[in-house]
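Step one of this worksheet: look at the structure below.
The values are calculated or read from the model by the stated rules, or taken from the named source; none is laboratory data. Fair warning: this is a prediction, and the values are worked out from it, not measured in the lab. FYI the Cβ positions are ideal-geometry reconstructions off the backbone, even for glycines, and counts take in every protein chain you see.
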């Protein structure tokens, strides 16, 4: 009889051990999807941040080029006005019309460049959307990794374990936001208003 009790006890222990192993295997299988999804989202976030960097760099260079052109033209306008003043003082008005037309053309170009710079500064809205998209990807990865850590620490739940959304701000974004789209939309709006006039 002692052998039978020992056998029953061993059987119960082995059964309990098998149940624990099955539970552990099940939990580790549950970890696969969050790890796989996280490994896909990190490159997405990196690509999004690289896109933001390229677009802000391009917009900045465009603005710097325009500002350099404005500065150069303003110097030419100041010199032209001084020449015009001297021509008027000397009574030489024959070339004044040509000089005035040239100065008006430079001023018009400067005004157009200023509007282009203002349009380029709108990239901040697009950049914010792109940064929010990248941040949401990283926050999702953080949540999933907290879930994995919870399972490894012996918690029963894998999904959303450890996530604390109270510290996170709500994020609104278009994951496909692009500066070229912004310009197209703005052109469509301008066209619509022009048709109404």
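Numbers for the structure displayed
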| quantity | calculated |
| --- | --- |
| Qualifying residues in the stretch 142-161 (those that are outside any helix (DSSP H, G or I) and surrounded by 13 or more Cβ atoms within 10 Å (Cβ to Cβ)) - the one modelled with the lowest pLDDT | 161 |
| Boolean, residue 30 is at pLDDT 85 or above and part of a helix (DSSP H, G or I) | no |
| Pairs, first over 22 Å from residue 150 (Cα atoms) in the stretch 1-30, second at pLDDT 80 or above and in a helix (DSSP H, G or I), C-beta under 8 Å, six or more apart | none |
| Test result for residue 137, modelled with pLDDT under 85 and more than 27 Å from residue 26 (Cβ to Cβ) | yes |
| The listed residue being more than 30 Å from residue 147 (Cβ to Cβ) and surrounded by 11 or more Cβ atoms within 10 Å (Cβ to Cβ), out of 86, 47, 72 | 72 |
| Only listed residue being in a loop (DSSP other than H, G, I, E, B) and either modelled with pLDDT under 85 or over 50 Å from the mean Cα position of the chain (by Cα) (or both), chosen from 45, 94, 58 | 94 |
| Among residues of the stretch 98-140, those that are without any contact (Cβ under 8 Å) to a residue 12 or more places away in the chain and within 19 Å of residue 81 (Cβ to Cβ), counted | 6 |
| Residues being loosely packed, with under 13 Cβ neighbours inside 10 Å and touching a helix residue (DSSP H, G or I) at 6+ places or on another chain (Cβ under 8 Å) - total across the stretch 117-141 | 2 |
